[in-house]
Amino acid sequence: MSDPSAHEDRAAGSDRAWVLHPVLPQPGDSARDPQARLEEANGLARAIELDIAGSELVPLRRVVPATLMGTGKVEEIKERLEEAGVGLVVIDAALSPVQQRNLERAWKTKVIDRTGLILEIFGERARTREGVLQVELAALSYQRSRLVRSWTHLERQRGGYGFLGGPGESQLELDRRRITERITRLKQELEDVRRTRTLHRTARDRVPYRIVALVGYTNAGKSTLFNRLTGAGVEAEDKLFATLDPTMRLIRLESGLKAILSDTVGFISDLPTTLVAAFRATLEEVLAADLILHVRDIAHPESDAQAADVRAVLDELGIDEARRHERLVEVWNKTDLLGEEELAACREDAARRPGVVLASAVRGSGLDELLQLVDRRLLETHEIVEVEVPYEDGALLAWLHERCEVLGREDEEGCLRLKVAMEPKTRAQLAERLGRPV
């Protein structure tokens, strides 16, 4: 348990934060630019309105088990924290409980790691019951090894959200047994949510709407694009994790085909495994999608690395590369932020890749081309058929509405002429029902 007095020295400045990104001595860490990672960590801190007093890269020759960094570096940083009057240090890496506790004692500040910070953001943003349950499950799984609330400094000052808000000091006394019991109950409640979601999806399958899921790195512009395509009022701000809870809207394409567009939580590098597991129910919409729109911030200097992080999460969800090729369209968003030469190079690059659309969700450019591509891709698995239905054959009309997408209808003498989209197997079933080819 952390020393409570460690948090009292600067209670007045507990929202005044210092952000550190350790540059670890690992060859694989070179895939991302350290300065870009530091800026991303600053963005995460700003997402919960922390007052960032300063931030810096911390090169490490080796990882010290007790404090992550060496004694000299710990003392050097301590002097800066004291001078700046900082009450919170955000370390953009995963800390062990021992490292977190020792750094808090050395610096006499609250210390949270990348996982704790992301959990704090998710705790503030969750709105639906499912979202709140998922955040609590992830947070308790994280907390179980620590048995202290890493966000206590924030909940007392700002109220937090849901289970993060207002439990008071007695909540700090949760023991491992009680946490485990609560986790068991949460998993059962989430299983109920998943069953309900499965029922809803089964109902949607009976009304044959296709599912189109938006995925992408956080702050890539998914919600802005979603709003443009659907006219919905989903929160779309220039901050990380502006969207947490899944949102779905029905759209009608040029062919008459209807599709359900689903906006999802943004991905991020080194997403805590507890969150990947806890948010699997939310991301099941991606697994069930007929088409996946991978929205990229093409103007971001780390766009390629961010895209690789998204692909890694899709792999973890079970959407392998072969299936992605069939089901994925890349939307290179934020072209409005590119200069003329950059835009020309982007267009040339996109022209060499099938399934890539350049767009600006803010300006609305490229969206017609995107919708046309979505329409074509969805129709690849369907066949357009015209069927004459006698007025008196209500059973056939009901059968077509249940199993096919009715794109249009015309009244003719003695019958209805329907234009329908159907899968090949459904067309074979219709031919068998009518006793003739269709």
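The values are calculated or read from the model by the stated rules, or taken from the named source; none is laboratory data. All of these numbers come straight from a predicted model, not from anything done at the bench. Virtual Cβ from ideal backbone geometry, glycine too; neighbours counted across all protein chains shown.
See the values below:
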| quantity | calculated |
| --- | --- |
| Residues (among the charged types (D, E, K, R) and in a helix (DSSP H, G or I)) located in region 384-404 | 402, 403 |
| Single residue of region 254-288 satisfying the filter (acidic (Asp, Glu) and not in a helix (DSSP H, G or I)) that is modelled with the highest pLDDT | 254 |
| Selected residue (criterion: surrounded by the most Cβ atoms within 10 Å (Cβ to Cβ)) from residues of region 330-368 that are in contact with a Cys (Cβ under 8 Å, 6 or more places away or on another chain) and within 15 Å of residue 222 (Cα to Cα) | 332 |
| Residue that is nearest to residue 382 (Cα to Cα), among those in region 422-432 that are without any contact (Cβ under 8 Å) to a residue 40 or more places away in the chain and surrounded by 13 or more Cβ atoms within 10 Å (Cβ to Cβ) | 426 |
| In region 386-402, the residues that are under 14 Å from residue 257 (Cα atoms) and either surrounded by 18 or more Cβ atoms within 10 Å (Cβ to Cβ) or of a type in the set (S, T, N, Q) (or both) | none |
| Options 103, 119, 95, 68: the member that is on the phi > 0 side of the Ramachandran plot, in contact (Cβ under 8 Å) with a residue 24 or more places away in the chain and crowded, with 21+ Cβ neighbours inside 10 Å | 68 |
| Selection within region 395-410 - touching a strand residue (DSSP E or B) at 6+ places or on another chain (Cβ under 8 Å) and among the acidic types (Asp, Glu) | 405, 410 |
| Subset tally (residues that are in contact with a Pro (Cβ under 9 Å, 6 or more places away or on another chain) and either closer than 16 Å to residue 58 by Cβ or outside the structural domain of residue 68 (by TED's automatic domain parsing) (or both)) for region 80-105 | 5 |
| Residue that is out of contact with any helix residue (DSSP H, G or I) (no Cβ under 6 Å at 6 or more places or on another chain), closer than 23 Å to residue 227 by Cβ and not in a loop (DSSP other than H, G, I, E, B), where the choices are 349, 336 | 336 |
| Count - residues of region 47-64 that are in a loop (DSSP other than H, G, I, E, B) and surrounded by 14 or more Cβ atoms within 10 Å (Cβ to Cβ) | 5 |
| Residue check for residue 419: touching a residue at least 12 places away in the same chain (Cβ under 8 Å) and of a type in the set (Lys, Arg) | yes |
| Residue 229 being at pLDDT 85 or above, surrounded by fewer than 16 Cβ atoms within 10 Å (Cβ to Cβ) and either in contact with a helix residue (DSSP H, G or I) (Cβ under 9 Å, 6 or more places away or on another chain) or of a type in the set (S, T, N, Q) (or both) | no |
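For (1) under 22 Å from residue 224 (Cβ atoms); (2) of a type outside the set (Ser, Thr, Tyr); (3) free of Cβ contacts under 8 Å to residues at least 24 places away in the same chain; (4) in a helix (DSSP H, G or I), each residue gets a yes or a no:
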{"residue": "304", "(1), (2), (3), (4)": "yes, yes, yes, yes"}
{"residue": "307", "(1), (2), (3), (4)": "yes, yes, no, yes"}
{"residue": "314", "(1), (2), (3), (4)": "yes, yes, no, yes"}
{"residue": "326", "(1), (2), (3), (4)": "no, yes, yes, yes"}
{"residue": "368", "(1), (2), (3), (4)": "yes, yes, yes, yes"}
{"residue": "371", "(1), (2), (3), (4)": "yes, yes, no, yes"}
{"residue": "381", "(1), (2), (3), (4)": "no, no, no, no"}
